[in-house]
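A short worksheet on the structure shown next.
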Amino acid sequence: MERTPEQVLEEARALIADAKSEDDFESARIKYLGRNGEVTALLKSMGQIPAEERKEYGKVANAVKQEITELINGGKARALAESRAAKLMSERIDVSEPGTDIPFGALHPITQTIDEISRIFIGLGYSITEGPEADTVFHNFDALNAAPNHPSRDLSDTFYITEDTLLRTQTSPVQVRTLMSSEPPIKVISPGRCFRADTPDATHSPMFHQVEGLLVDEGVTMADLKGTLDAFAKRMFGSGVATKFRPHFFPFTEPSAEMDMSCFVCGGEGCRVCKGSGWIEILGCGMVHPNVLKVGGLDTERYTGFAFGMGVERIAMLKHGIDDIRLFYENDVRFIGQFA
Amino acid sequence: MLVPLSWLKEYVDIDVTVEEFAERMIMSGSNIETVKNFADGVSGLVIGQVVSAERIEGSDHLNVCMVDVGPERGAEHGDGGPLQIVCGADNVRQAGIKVIVSLPGAVLPGGYKIKKSKLFGTVSNGMICSAQELGFDEKSVPVDIREGIWVMPDDLEVGSDAVKAVGLDETVVDFEITPNRPDCLSIIGIAREAAAVFGKKLRYPDNSSVLNESAPDAGDASGFVDVVIEKPELCPRYVARVCTDIGIKPSPFWLQRRLMFAGMRPINNIVDITNYVMLEYGHPIHAFDIRTIEGSAIVVDTAADGEKFTTLDGKERELSADMLLIKDRAKPVAIAGVMGGLNSEIVQDTETIVVEAANFSADSIRLTSKKLGLRSEASSRFEKGVSAELSSGAADRVCALVAETSSGKVVGGAVDRYPGKKGMAKVDVRVKRMNDLLGTDIPAGDMVSMLQSLEMEAELNGDGSVITVTPPHVRVDLCEEIDFSEEIARLYGYNELDSTLHRDNAESQVPESWRLRSLARATLVGAGYTEIQTYSFVSPKGADRIALPGGAAGRDFVKLINPLGEENSVMRTTLLPNLLDILSGNNNRGNDAVRLFEVGNTFKASGNIGPDAELGLPAESVSLSMGFYGAGGFHDLKGAVGILFAKLGIGEVSYLPDEETGAWHPVRCAKMLVRGKGGSGIADADGGAGTLVTVGHIGEIHPDVAKEYGFDMPVFAAEIDFDALVSLSDMNREYTPLRRHPALTLDIALLADEGVSVADIERIAAANGGELLESVKLFDVYRGEQIEAGKKSLAFNLVYRADDRTLTDGDVAEVHAAILKKIADETGAALREA
């Protein structure tokens, strides 16, 4: 027997203290704890120790083994952690570099606006109905109580396909179709394209979109009309907006009104958006004219209703501060992309 | 309708501020576009008198003028004598005329500041003003001063404040008159509204005194002219009065100024008076020179077909038998209610006039005006509806003004033919019905007062439940009970009504097609495509530009009768031309790698098989287009289309090479087919449900077509029949148990002829793979030096799997070999030597 456990321990301590890398610790492990390691040898030599010393020797040798094991394991873990840390530090990236160009699309702002309006009315229990963009003079004018001489019927205002068919000038023909095909309670909105013979300029487009609504049931009042549209304005433009109703004229409603909303930009102080008035005209509405209800074969004494219609482009322009309606149909991706 | 407030105030007292007036008029239904005061922000204007005016030597239009502005103002800007002012107007060279001078420091409308300046080397102490510079629209400025300065009446005091002296401190309110209220196209009509809103009494013009004493000796109008109405259904009333001793001259300044404020150009006293009365009463007036009336009679009758007639504007017009004319015993003298004739117009030496205040059928006037393409102030009023009850008052008013302005003498009496006289119908208005509709509890008595304030006769019945109303004759819009609900509501105040939500059990429903369109849009946006919205009306040339063959369904255009132009003259049959147009526009603006899609309706003239077919409507269906230029190729587009189909619950899609239309690259185009749902009713021509349905095309745009749209790089596009997708969509998702045993994947590389398609190999593998083959997936295509020309290397993963065990090579050896053999037999493609 050449060396005592104490000697082995002392030498091991010194060696481990100098160890730095994972490899150093591994070689130390092999040197002391491996199959032919020195500590293993100490333990193997137990048989040669006199019996009376053997117990004590075993105790010491095992303590040495435990200490060296702990020293190596601890050191190894530290070395591993350090090398991992060093490796990570070498992997530094420039987080300010731009992200990878992943193609992304955008919904057209008209679609987004229609979706937003629709969501609000769906939330209020309205169903969505649609109709053809090419419709009959009957659905677009006659059934909507438009006088035979109403100027909107003129060739200068309405695109005609034949004498009896046209491109709808409003989505109201869908209301007529709904009245003719269903029974109250009728509670629908109809979003869609409309056409009027306007030469395009910053505020006119021969094609545009509307969302119209119709509620017909027993006991519907003009107060209900006001409450519904006030709720819509608040959900669309924020709970802070106020509404007011001005008398107006539409052939298919009586009484008829236009709804103004307090300016959502300036809160009514007057600004560029509301042209200084503090109010913005938002939509037309009214109580459905009995002559229109009659088209649907309804008992006008029993049923009343209200209808409203709004221009989608106008609302989108207001909401996003767009100053030229033609931008919607120019479809420059730099424009549409702003609403992604 | 421009209403000068000073004019309105002659008929109703307005004792509130202009702001309050405007607000309350608007809220009671008389909408206002603008309110303008001509003196707003204007200062430093003074009445001056031109002492001398001479052309500046060397200038072709500038005059140097000496203008007397009174000693006080003269001293402020000079030595107290006349000031030197340079003026470019020709009509300044009339020494002695009174003018409006804006002195240095003055401010004109629009904030334009006047400074002392030098023009053509000549000092100018301010400016002599034209009417336009004072804020008048050119169309309301008399012709003789339109190109020059505004010449003032002689009686204005030199040196006085011009705003006061000229009456520029006038507020003009522009009312927006809705088509149902032609009565409000008049000063008195607006006054009637104002009286009701502000609780005032309406005063009508009083013409009696002037009329009675004007020309007592001249006899009676019937001695001058007779009136015969041959077509009473087109002319319910005709009132003729006569004035003699007419002297044609400019109207008095107050009348001119009032017309100008109301937006109407002064011409001469007689024309001005007829216009003045038209604005005041809302009743068009015409005047004839009695010398031109042959046979001393006015005959109201229709024209002969093809008859020619020259109107006041000097144009010869061809008439038709349904047009109403004013004739004498020999010839036509006017197109009734539209425009007078050149042959009977008032001229400088006219001495005696016949004043016509007549009423014509709105429909007849509208038709005539439309046919002739001739609209006048008179015709547009008759079209909207003028009350026949106004005619005699309007004729009287003209005569009163003729006398008042010393324009002539009034002959007593009128020839008044009134075959169409009818009383206003009484309408019963139920108090409860009104309250039920408005959600109010307005007492019957209050309703009665409101209606009475609008000059209606309103009488409450015994039990207080019904009001019997007779509206004033001018209110052509009030015919049935419902019409009175708005009268009550607007006077009660719309904003006084409650604001409530109707209680119902309606349940929101969204059509499947709507839902799927939203899903498709969201999917494509997620796949990097941007949505566009393009015009539904297009140019028929689009079909040529995308090289559609003659007779193709895409040429079955729905044509518009009255398009804005050729480029918007037909309804789109396909979304492709618009897509290419918008891609092209983006490319021209330098936008790189643009990917677009559109979901929208297309139209075909024939083939409507829906319920609307019997209404004569075209076939309308929803299409989806998508496409791009820049980075990527056919398979990028196919990848995006694949995601779309997957999201929409479309089953397996086959892509078959297709050379159907000229829009596509001949060998880089496929039609997309989907197996129809059993019983869906969708099928192509050769089979029933369950057969393959063509849902669209995908491919590279033919380079010639791309070039037509300005591209010299490849453009890829697809167009899909969205209605078909809606029919084919199955949004039910049923769970398939996950296969837990590991798969065995074998990779193969096949050397195949170019003519062999991936789909062929996939099909053969699938057909011969038995239960073990789970999938076949292409992972590489190679063409190049390593292999012979005309061939390609296709590398596939063949994935085998069993549900009850982990497969070994031995398990699949047989089936794998069989697949390879079949592929080799059917396509000649063999395993590539490694």
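Rounded to the nearest 20 debye, the dipole size of the range B:208-417 about its Cα centre is 660 debye, using +1 on the Cβ of Lys and Arg and -1 on the Cβ of Asp and Glu. Among A:A197, A:A134, A:V241, which residue has its Cα furthest toward the positive end of the charge dipole of the range A:109-339, with +1 on Lys/Arg Cβ and -1 on Asp/Glu Cβ? Result: A:V241, furthest along the dipole toward the positive end. Semi-axes of the equivalent ellipsoid for the range A:5-89, please: Cα gyration tensor eigenvalues, times 5, square-rooted, ordered largest first, whole Å. After scaling each eigenvalue by five and taking roots: 31, 10, 9 Å.
First select every other residue whose beta carbon is under 15 angstrom from the beta carbon of B:A605; then total the charges, Lys and Arg +1, Asp and Glu -1. Walk me through the numbers before you get to the answer.
Numbers: positive: B:R555, B:K559, B:R572, B:K604; negative: A:E133, A:D164, B:D556, B:D612, B:E620.
Residues near B:A605 contribute -1 overall.
The heavy atoms of A:K65 offer some 90 square angstrom of accessible surface to a 1.4 angstrom probe.
Applied to the range B:29-44, the Karplus parametrisation 6.51 cos²θ - 1.76 cosθ + 1.60 on θ = phi - 60° returns per-residue 3J(HN,Hα) values of x, 9, 5, 10, 7, 9, 10, 9, 10, 5, 9, 4, x, 9, 8, x Hz, with x for Gly and Pro.
Heavy-atom accessible area, probed at 1.4 angstrom with all protein chains present, ranks A:W279, B:W7 as A:W279, B:W7, highest first.
Two-decimal Rg/Rh of the range B:260-391 from alpha-carbon positions, Kirkwood Rh?
Numbers: Rg = 14.1 Å, Rh = 15.0 Å.
For the range B:260-391, the value is 0.94.
For peptide B:19-28, how many partner chain Cβ atoms fall within 10 Å of a residue's Cβ, on average? Intermediate values should be presented prior to the final figure.
On the way: counts 0, 0, 0, 0, 0, 0, 0, 5, 4, 2.
Whole-number average of other-chain Cβ neighbours for B:19-28 is 1.
Among rounded, prolate and oblate, which fits the range B:323-419 when a ≥ b ≥ c are the square roots of the eigenvalues of its C-alpha gyration tensor, a/c under 1.5 means rounded, and a/b larger than b/c means prolate?
Working: a/c = 1.90, a/b = 1.42, b/c = 1.34.
The shape class here is prolate.
In this view, the solvent-accessible surface of B:S392, computed with a 1.4 Å probe and all protein chains in place, comes to about 40 Å². Against the empirical 2.2 N^0.38 Å (N residues), chain A has a Cα radius of gyration ratio of 2.07.
Can you tally the net charge around B:A767? Count Lys and Arg as +1, Asp and Glu as -1, for every other residue whose Cβ sits under 15 Å from the Cβ of B:A767.
On the way: positive: B:R763, B:K821, B:K822; negative: B:E652, B:D760, B:E762, B:E771, B:E774, B:D825, B:E826.
Here the count lands on -4.
Dimensions of chain B along the principal axes, based on C-alpha atoms and rounded to the nearest Å, stand at 130, 85, 58, largest first.
In the calculated pair-distance distribution of the protein assembly as shown, the portion above 44 angstrom amounts to 59 percent of the Cα-Cα pairs.
Could you order A:R78, B:R192 by accessible surface area, starting with the largest, using a probe radius of 1.4 Å? If you can, show how the numbers build up before the last one.
On the way: A:R78 145, B:R192 20 Å².
Solvent-accessible surface, decreasing: A:R78, B:R192.
Rounded to two decimal places and with Rh computed the Kirkwood way over Cα pairs, what is Rg over Rh for the range B:772-834? Ratio value, two decimals: 1.04.
Over 20 Å between Cα atoms, which of B:K331/B:K421; B:K9/B:K201; B:K638/B:K822; A:K187/B:K432 qualify? List each step's numbers first, then the result.
Numbers: B:K331/B:K421 28 Å; B:K9/B:K201 11 Å; B:K638/B:K822 28 Å; A:K187/B:K432 25 Å.
B:K331/B:K421; B:K638/B:K822; A:K187/B:K432, as the Cα separations exceed 20 Å there.
D by Stokes-Einstein for the range B:43-169, Kirkwood Rh over Cα pairs, 25 °C, 0.890 mPa s: 171 µm²/s. On a per residue basis, the convex hull of the C-alpha atoms belonging to the range B:282-337 measures out at 92 Å³.
Bridging of B:K113 to lysines at a Cα separation below 20 Å is possible for B:K36, B:K164, once same-chain residues fewer than 8 apart are set aside. With θ taken as phi - 60° and the Karplus curve 6.51 cos²θ - 1.76 cosθ + 1.60 applied, the whole-hertz 3J(HN,Hα) list for the range B:396-408 is 4, 5, 4, 5, 4, 6, 4, 5, 4, 9, 6, 8, x Hz, x standing for glycine and proline.
For the peptide A:197-205, the mean number of other protein chain Cβ atoms found within 10 angstrom of a residue's Cβ is 1. From zero up to wherever the largest Cα-Cα distance of the range B:489-590 sits, split into 5 Å bins and tell me the percent of pairs in each. Whole-percent P(r) values from 0 Å outward: 2, 9, 12, 12, 12, 11, 10, 6, 8, 8, 5, 3, 1, 0. Taken along its three principal axes, the alpha carbon spread of the range A:166-211 comes to 41, 19, 9 Å, from the longest extent down to the shortest.
Counting only C-alpha contacts under 8 Å and six or more residues apart, can you give the relative contact order of the range B:512-728 as a whole percent?
Details: 423 pairs, mean separation 43.6, N = 217.
Relative contact order of the range B:512-728: 20 percent.
Shape summary: the range A:55-198 maps onto an equivalent ellipsoid whose semi-axes, from the alpha-carbon gyration tensor, are 83, 22, 9 Å in decreasing order.
How much net charge surrounds A:I128 when only the other residues with a Cβ under 13 Å from the Cβ of A:I128 are counted, with Lys and Arg +1 and Asp and Glu -1? Walk me through the numbers before you get to the answer.
Details: positive: A:R119, A:K187, B:R515, B:R517; negative: A:D115, A:E130, A:E212, B:E507, B:E512.
Once positives and negatives cancel, what remains is -1.
Contact order for chain B, expressed relative to its length and based on alpha carbon pairs under 8 Å spaced 6+ residues apart, stands at 8 percent.
For peptide A:324-335, what's the mean number of Cβ atoms from other chains within 10 Å of each residue's Cβ? Show your work: numbers first, answer last.
Working: counts 0, 0, 0, 0, 3, 6, 6, 15, 7, 13, 5, 1.
Counting other chains' Cβ atoms within 10 Å and averaging over A:324-335 gives 5.
Strictly greater than 20 Å: what percent of every Cα pair in the range B:427-491 meets that? Roughly 14 percent, once rounded to a whole number. Estimated from helical segments only, the mean residue ellipticity of the protein assembly as shown at 222 nm is -9000 deg cm²/dmol, where each DSSP H run of four or more residues counts as -39500 (n - 2.57). Its residue count N fixes a reference of 2.2 N^0.38 Å for the range B:512-728, and the Cα radius of gyration divided by that reference is 0.99.
The angle separating the long axis of helix B:576-588 from the principal Cα axis of greatest extent in chain B is about 80 degrees. Structural descriptor for the range A:155-273: relative contact order 16 percent, calculated from alpha carbon pairs under 8 angstrom and at least 6 residues apart. The lysines within cross-link reach of B:K559, meaning a Cα-to-Cα straight distance under 25 Å and a gap of 8 or more places when in the same chain, are B:K370, B:K371, B:K541, B:K604.
If you sort A:E70, B:E23, A:E258 by accessible surface, 1.4 Å probe, largest first, the order is A:E70, B:E23, A:E258. When nucleic acids and ligands are ignored and a 1.4 Å probe is applied, B:D721 ends up with an accessible area of around 60 Å².
The values are calculated or read from the model by the stated rules, or taken from the named source; none is laboratory data. From a predicted model like this one, the values you see are computed outputs, not experimental measurements. Neighbour counts run over all protein chains shown; Cβ positions are idealised from the backbone, glycine included. Accessible surface is based on the protein model in full, side chains and every heavy atom, while ligands, DNA and RNA are left aside. Shrake-Rupley method; radii C 1.70, N 1.55, O 1.52, S 1.80 Å.
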